[in-house]
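None of the figures in this text is laboratory data; all of them are computed from the coordinates on show. Predicted model, so just to flag it, every value in this text is computed and none were measured. Using ideal geometry, Cβ is built from the backbone for each residue, glycine included, and neighbour counts are taken over all protein chains shown.
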Amino acid sequence: MIRVLGIETSCDETAASVVVLREGDAPEILSNVVLSQIEDHAAFGGVVPEIAARAHVEALDGIVEAALADAGVDLAAVDAVAATAGPGLVGGLIVGLMTAKAVASAAGKPLLAINHLEGHALTARLTDGLRFPYLLLLVSGGHTQIVLVRGVGDYQRWATTIDDALGEAFDKTAKMLGLPYPGGPNVEKTAKGGDPTRFAFPRPMKGSAQPDFSFAGLKTAVRQAASAAAPLSDRDVADICASFQAAVSDALADRVGRCLQRFRETFPDIGTPVLVIAGGVAANREIRASLEAQCREHGFRFIAPPHELCTDNAAMIAWAGIERLRAGLAGGDAFAFVPRSRW
Ligand code: KG4
Ligand code: ZN
């Protein structure tokens, strides 16, 4: 049996979780505590790093205690402590990793410095017991990537954004239209009553042989449409949101389709390959539907873990710790590890 305490503080969620893997059994999330700082940042229209770091300092001890209490274990019953050590906002990373170092050293437990992206990449093995290899589409406020997940610690990035992350494009679009932060859910809600064909926004990179994403041009097109139609009626805002979402779904499906094709060519013997989606944007119903259609067309199975495990959480960090321990990849001296904002 391996039981790991995970800590996540790389952006604006303060999170702790205990996950256990028992011999011959599916893993179990014993607790998953997440404190969102959305309200602390809303007035600024985005995450303010200094505010985030301070909020993590204030909250983290209590969140760790709550995660242990919810799991019904004390520190002595934990085999290791795993903390996000990058990439992310460096203030938050310092708070999380230093806390993990303190907790692990006080309890005499091993420490694991985990890459946040590895946490997202391995979540589908926690929730669905997925086997390697599979494709991951990570779409959050900070990342837009397609990654080939070949094994624990064995990842290959097949596509990334050359400018904005997709969540960022949603957030900026919302801001331009006067919708509150965080933009993604509000754009989706507003788009429901809109006409997706009214504005012919560009489908960035569609048809390009290069696999990458780009959203800056789309953002500019939204800004131009918004200023041309100003003053904006509710109808205009809804139509812009719907047209933006349609453009994004279409562009995303095109980019993903290319990688599905490449996966087929790389692994011709896998009967039903899998695409996993992660990140906050995975909540978007239209994007999901368009990806599902793309997967059907290519004969892929589409897996979207439960929303609370798609967005930032510490269960994925604890699980990545378990995966690393099990694979004998605990890494070097994590107590000497310095947080990496880029990793
Ligand atoms: O993964 P996440 O919770 O945090 C990180 O960025 O790490 O992702 C947050 C992002 C934000 O940009 C938010 O606007 C976007 O995910 N998002 C959405 C939706 N819900 C959240 N974007 C589009 N549609 C949604 N329903
Ligand atoms: Zn994330």
task: First select every other residue whose beta carbon is under 15 angstrom from the beta carbon of residue 102; then total the charges, Lys and Arg +1, Asp and Glu -1.
output: 0
Exposure proxy order (Cβ contacts within 10 Å, fewest to most) of 272, 266: 272, 266
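Just to be sure I follow the definition: excluding the sites themselves, where is the longest run in the chain that has none of the trypsin sites (Lys or Arg not before Pro) in a DSSP loop with at most 10 other Cβ atoms within 10 Å?
132-341
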Lys, Arg +1 and Asp, Glu -1 on Cβ, resulting dipole of the chain about Cα centre, debye, nearest 20: 980
message: Run the reach check for residue 219 against lysines, Cα to Cα strictly under 23 Å, same-chain hits fewer than 8 apart removed. What comes back?
response: 172, 175, 189, 192, 206
message: Tell me the mean residue ellipticity at 222 nm calculated for the chain from its helices only (DSSP H runs of n ≥ 4, each -39500 (n - 2.57), averaged over every residue, nearest 500).
response: -14500 deg cm²/dmol
message: I need to check one value: relative contact order of the stretch 141-307, counting alpha carbon pairs closer than 8 Å and at least 6 residues apart, in percent.
response: 22
statement: the stretch 232-310: relative contact order from alpha carbon pairs under 8 Å, six or more residues apart, as a whole percent, is 36
- prompt: Counting alpha carbon pairs within less than 8 Å and at least 6 residues apart, what relative contact order, in whole percent, applies to the chain?
  reply: 23
